[in-house]
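The values are calculated or read from the model by the stated rules, or taken from the named source; none is laboratory data. Since this is a predicted model, take the numbers as computed values, not measurements. Cβ coordinates were reconstructed from backbone atoms using ideal geometry, including for glycine residues, and neighbour counts include every protein chain displayed. Each accessible area value is taken on the protein alone, full model and side chains, heavy atoms only, with ligands, DNA and RNA left out. Shrake-Rupley method; radii C 1.70, N 1.55, O 1.52, S 1.80 Å.
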Amino acid sequence: MELSTLTIHELQRMLREGETTSVAITESVFKRIEAVEDKVHSYITLTEDLAFQQAEQADRNMQSGRGGPLTGIPIALKDIVCTEGTRTTCGSHILENFIPPYDSTVVRKFREAGAVFPGKTNMDEFAMGSSTETSYFGITRNPWDLSKIPGGSSGGSASAVAADECIAAIGSDTGGSIRQPAALCGVVGMKPTYGRVSRYGLIAFASSLDQIGPFSKDVEDCAIMMNAIAGYDPKDSTSVPAEVPDYTRFLSKGIEDWTVGVPKEYFIEGIDPEVLDAVKRAMQVVEDAGAKIIEISLPHSEYCVAVYYVIAPSEASSNLARYDGVRYGFRSREGRDLMEMYKMSRSAGFGDEVKRRIMIGTHSLSSGYYDAYYKKASQVRALLRRDFDEAFRQCDAIIAPVTPTPAFGIGEKMDDPLQMYLCDIFTISCNLAGIPGISVPCGYTKSGLPVGVQFLTGHFEEGKLLQIAAAYERHAEIERRRPEI
Amino acid sequence: MEFEPVIGLEVHAQLLTNTKIFCGCSTRFGEAPNSNTCPICSGMPGVLPVLNKKVVEYTIKMGLATSCHINNINTWARKNYFYPDLPKGYQITQFAEPIAEHGYVDVEINGNKKRIGITRIHIEEDAGKSIHDENQPASYIDLNRAGVPLIEIVSEPDIRSAEEGVGYLRRLHEILVYLGICDGNMEEGSFRCDANISLRPKGQEKFGIRAELKNMNSFRHVHRALEYEIKRQQYILESGGHVVQETRLWDEAQGVTHPMRGKEEAHDYRYFPDPDLVAVHLSDEWIEEIRKTLPELPLAKRERFVAEFDIPLYDAQVLTASRALADYYEEIARKSGKPKIASNWVMGDVLGHLKEDRLEIDESPVSAHSLVSMIGLIEDGTISGKIAKEVFEEMWNTGKEPGTIVEEKGLVQITDTSAIEQAVDDVLATNPTQVNEYRQGKEKLFGFFVGQVMKVTKGKANPKLVNDLLKKKLSEG
Amino acid sequence: MKLSREDVEHVAHLARLNFREEEKEKFTLQLNDILVYMDILNKVDTAGVEPMTHAITLNNAFRDDEVLNSVGVEKILTNAPDRMGGCFRVPKVIE
């Protein structure tokens, strides 16, 4: 059994009992990286030296009894969280050589927990995309089928976990960027409630939607990761000063007497029959586990993509104004004056999708259009949130598909932005409402591509969310396949 | 046709906090470039702002001191524009829901009170500094000032003359400094002012086309710039021309305003709510708590001094020029029980010496307590007013208590009638000619005799006794 | 067409972006596609609905007015494309 294929909780037991060492786990992970990274390309930057230093330190800490649940565990970081001393590119040419002078709060927490950082994972540029194809550093391939995309924007983190190039990973989710690639790569991915995990040091895409969350090989690992990253941070005004429970306590509780809602608006035309099948089987499993399934309505669902693609680009257009070639990042040397320097640096530094969204956002906020776009979308967003508030009065959790289709082919949607945006149709509303959501593997298509099922709960109910995800995982007994790369 | 100026002023005041508005960097002025910066105020990727509570408290103080309504909910917006000293590409400010609105201050112009409305007071962050190189096509960016907390105070277009404008500014300045929330230093840019100014025919309701004036770095500049601009616009209108809506810079050296160089871009700041900052909810209790900490404001203090201490308005104005001076005076007035004498000493000797030595009132070598003792010595006849001047001089130079000085130098006043009588007799005896002339009606000589007696007694004789005795003796002959 | 080519040029200027001629064409078409899709929002009656600007409702997140040690000039300038004398250097604004 290769160590790199194991879960956090399995490795933790072995480390505690002295059956293995962090150095051995890290060696196994880098051996695997060496074997498959050329084909998959999960990482933008590998930090092997740092990882082994951390592993050696972790082993010393374990020996002296100072180990925690993540001590010595290789965790990959999406290249959107700032790491002091390690370049952080956000998938963009404009930050190609940017070395942050500070750590993001999640990274600081992982360092303090004794985790090992194998590297920074690939992503759509500034997290804008659903396929990891907009990265300046090349595409990432789906480990289950190298001709397919891994999803996005956290595609590298998803593929790294799926391909055993790390034990778990961190991603960020603005409109589905954790859950969608988790589903397409057959791993667990969770977006916590907005405000549950500090955004300090997370390079902003859309600040009112962004949230950091874990990728893992099973639900238990997801709970362990959440224990490590959740909690109030005085450096993030939007993080919530509330107690964080021990999430692993929810895993064995079961869902007898729960009511689980199925939003009728999510079963639309155009959803792939194999995906639909897998999700319907998942509903059956939930029912078999003792829950009652009811139909619910989220009446404003059809507007979520439009709302999202006004609000997220609006915020992004402002968030990305700081990339001006003055203090850090790429600067064009051709500009003769300041205006030319700005325009040439930004035009050469950003890729097409980023520019498209900056343009949409700038237009949506501009004089004469604000009310029709940004304000209108923010009002519809309030209605979308009300839909969920209403729904959670009737049910404990919601079950839904994650994506309308399994992983699609590389290049398939690159020329049709709108079609690409519609990939996020089932994941976006969760970000708009601020609620937590999780994607759990629920089967495979005939051609062997993974499919995920999504659970959603009310604000700050990550405990319940993990409870239903764990109950589903136990009862579903999905055969645990590994991708052949 | 007679024209009437319509002026509105926008004041930016830097708040006297220890740290910047959204990060823990120091706000100290004059440090090496970029030494007071961090990832947050330099706009690094991934950073987030956290609001300095003191900024909110200080602004509430200003709102209350200018009779504003304090909004219970206020929110943050981003003002988007590109400039190299604006690190994030947007300025965090308050837009839709500012912290304070609908206030006013009363200004006195030539003895007439005039109320000038305040439209709003909002909080925002300052930008950094661009230093332009004269020799190279380059600018240098120092972000020490980026993120320093400012409040913007916007007046109603209620101002009708340069005097009123300056009067209003002085009043705001005075309040800010009194509250201890701004150092008021105009040269370092802690207190800056822009003006909107237009002219309209007298009696007309509608405003004329306005120019925006910038670059006025002192009250004098503001006064001169407004006067110049009123004349400039008047000339244009009288000769049938049209005022252009534009931004103009005051040129102090030439005493004129120039249009800002180059084409002004039509700004589109794309304001929208800042998702990184949460709303500030101000409970009525919190606002009341802050209200309780407000010091007595200059205008109220002035009126109270006139009423309570029976001193002229002018004196009250001088004595309330700063909170520290007013406190100094008030302590002396109360403890000595002689407010008028106290005001003479403070306005004359204390302020004179301070000015000479370039000291502030809180650096005065003569404490209020010492001055009270000195007035006590005069009142109980221990020293004369004349000796007191000498004592004060010594107090100023040595910091010693007046009692000690009087004792060390033997300056105790002679109140022994026989000793003075002796001196009077001696003076009259040695100056027979003058005595004769006096008795023949040359009463002006009385002063001469007083002077001679004082000279003989080294100034220590009680002047009242000297007068009485002299009058008696001279009329006896 | 929601946006003309001139509109696209104006927005690009506001955003400090340049496009080549053929890019302008493509962006104009794509942006119009997206904006037409956004029209779906006009179907929703939002009269009296308070805009939702934050995912969750929080208020009063403050810090105390205490100085934290600066990270040092070098760390702030280390990523600068051009610097001199402790400052960031940029091309001059031409007016």
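Has segment A:433-456 got any residue that is touching a strand residue (DSSP E or B) at 6+ places or on another chain (Cβ under 9 Å) and part of a helix (DSSP H, G or I)? Yes, segment A:433-456 contains at least one residue that is touching a strand residue (DSSP E or B) at 6+ places or on another chain (Cβ under 9 Å) and part of a helix (DSSP H, G or I). Could you tell me whether any residue of segment A:392-410 is under 18 Å from A:H300 (Cα atoms), without any contact (Cβ under 8 Å) to a residue 60 or more places away in the chain and surrounded by fewer than 23 Cβ atoms within 10 Å (Cβ to Cβ)? Yes. Here's a check for you: in segment A:231-255, which residue that is in contact with a Phe, Trp or Tyr (Cβ under 6 Å, 6 or more places away or on another chain) and open to solvent by 50 Å² or more (accessible area, probe 1.4 Å) is nearest to A:S172 (Cα to Cα)? Checking each candidate, the answer is A:K235. Residue by residue through segment B:168-188, note down the ones that are touching a Lys or Arg at 6+ places or on another chain (Cβ under 8 Å) and in contact (Cβ under 8 Å) with a residue 60 or more places away in the chain. Listed by number, the residues that qualify are B:V177, B:Y178, B:L179, B:G180, B:I181.
Got at least one residue in segment B:16-34 being within 8 Å of chain C (Cβ to nearest Cβ), over 31 Å from the mean Cα position of the chain (by Cα) and hydroxyl-bearing (S, T, Y)? Taking every residue of segment B:16-34 in turn, none turns out to be within 8 Å of chain C (Cβ to nearest Cβ), over 31 Å from the mean Cα position of the chain (by Cα) and hydroxyl-bearing (S, T, Y). Considering segment B:80-115, the residues that are surrounded by fewer than 20 Cβ atoms within 10 Å (Cβ to Cβ) and in contact with a Ser or Thr (Cβ under 6 Å, 6 or more places away or on another chain) include one that is farthest from the other protein chains (Cβ to nearest Cβ), namely B:Y104. Put simply, of A:K280, A:K343, A:K253 the only residue that is assigned to a loop (DSSP other than H, G, I, E, B) and either in contact with a helix residue (DSSP H, G or I) (Cβ under 9 Å, 6 or more places away or on another chain) or at pLDDT 95 or above (or both) is A:K253. Among residues that are of a type in the set (D, E), at the interface with another protein chain (Cβ under 7 Å from one of its Cβ atoms) and either surrounded by fewer than 18 Cβ atoms within 10 Å (Cβ to Cβ) or under 29 Å from A:V380 (Cα atoms) (or both), C:D33 is included. Would you check if B:S283 is touching a residue at least 60 places away in the same chain (Cβ under 8 Å) and within 18 Å of the chain's Cα centre (by Cα)? So B:S283 does not fit the description; no. Set side by side, the residues A:G129, A:G176, A:G152 differ, and just one is without any contact (Cβ under 8 Å) to a residue 40 or more places away in the chain, part of a loop (DSSP other than H, G, I, E, B), more than 27 Å from B:C41 (Cα to Cα) and among the small types (G, A, S), which is A:G152. Here is a check on your reading of the model: is B:K20 of a type outside the set (V, I, T), in the same structural domain as B:A162 (by TED's automatic domain parsing), within 23 Å of A:I203 (Cα to Cα) and touching a strand residue (DSSP E or B) at 6+ places or on another chain (Cβ under 6 Å)? No: the conditions fail for B:K20.
Going through (1) at the interface with chain A (Cβ under 8 Å from one of its Cβ atoms); (2) in contact with an Asp or Glu (Cβ under 9 Å, 6 or more places away or on another chain); (3) not in a helix (DSSP H, G or I) one by one, C:L17 falls short only on (2). Exactly one residue out of A:V285, A:V275 is buried (at least 23 other Cβ atoms within 10 Å of the Cβ) and assigned to a helix (DSSP H, G or I), and it is A:V275. Exactly one residue among C:P81, C:P51 is under 27 Å from A:Q211 (Cα atoms), within 25 Å of the chain's Cα centre (by Cα) and either of a type in the set (G, A, S) or not in a helix (DSSP H, G or I) (or both), and that residue is C:P51. Residues in segment B:148-162 that are closer than 25 Å to B:G24 by Cα and either within 12 Å of chain C (Cβ to nearest Cβ) or of a type in the set (S, T, N, Q) (or both): B:P149 alone. Every listed requirement among (1) surrounded by fewer than 18 Cβ atoms within 10 Å (Cβ to Cβ); (2) β-branched (V, I, T); (3) closer than 22 Å to B:C182 by Cβ is met by B:I153 save one, (1). Looking at A:A306, A:A228 in this structure, which one is open to solvent by less than 10 Å² (accessible area, probe 1.4 Å) and not in a loop (DSSP other than H, G, I, E, B)? When all the criteria are applied, what remains is A:A306.
Condition check ((1) assigned to a strand (DSSP E or B); (2) without any contact (Cβ under 8 Å) to a residue 24 or more places away in the chain; (3) surrounded by 23 or more Cβ atoms within 10 Å (Cβ to Cβ)) across all residues:
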position: B:M1; (1), (2), (3): no, no, no
position: B:I7; (1), (2), (3): yes, no, yes
position: B:H12; (1), (2), (3): yes, no, no
position: B:T17; (1), (2), (3): no, no, no
position: B:F22; (1), (2), (3): no, no, yes
position: B:A32; (1), (2), (3): no, yes, no
position: B:S35; (1), (2), (3): no, no, no
position: B:C41; (1), (2), (3): no, no, yes
position: B:K54; (1), (2), (3): no, no, no
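Residues that are closer than 28 Å to B:G255 by Cβ, at least 3 per element: which strands (runs of 3 or more DSSP E) completely within segment B:114-229 meet that? Output list reads B:129-132, B:149-155, B:191-201, B:211-216. Counting the residues of segment A:93-110 that are in contact with a helix residue (DSSP H, G or I) (Cβ under 6 Å, 6 or more places away or on another chain) and either free of Cβ contacts under 8 Å to residues at least 60 places away in the same chain or within 14 Å of chain C (Cβ to nearest Cβ) (or both) gives 3. The single condition among (1) away from chain C (no Cβ under 14 Å); (2) more than 30 Å from B:G348 (Cα to Cα); (3) in contact (Cβ under 8 Å) with a residue 24 or more places away in the chain that B:S239 does not meet is (3). Among the residues examined, A:A348 qualifies as on the phi < 0 side of the Ramachandran plot, more than 11 Å from chain B (Cβ to nearest Cβ) and over 24 Å from the mean Cα position of the chain (by Cα). Taking the conditions (1) touching a Ser or Thr at 6+ places or on another chain (Cβ under 8 Å); (2) within 14 Å of chain B (Cβ to nearest Cβ); (3) open to solvent by 10 Å² or more (accessible area, probe 1.4 Å) in turn, A:A312 satisfies each one other than (3). Taken together, A:T105, A:T121 contain a single residue that is within 20 Å of A:K217 (Cβ to Cβ), in contact with a Phe, Trp or Tyr (Cβ under 7 Å, 6 or more places away or on another chain) and among the β-branched types (V, I, T), which is A:T121.
The set of residues in segment A:362-385 that are part of a helix (DSSP H, G or I), out of contact with any Pro (no Cβ under 7 Å at 6 or more places or on another chain) and either touching a residue at least 40 places away in the same chain (Cβ under 8 Å) or more than 9 Å from chain C (Cβ to nearest Cβ) (or both) comprises A:T362, A:L365, A:D371, A:Y373, A:Y374, A:K376, A:A377, A:V380, A:R381, A:L383, A:L384, A:R385.
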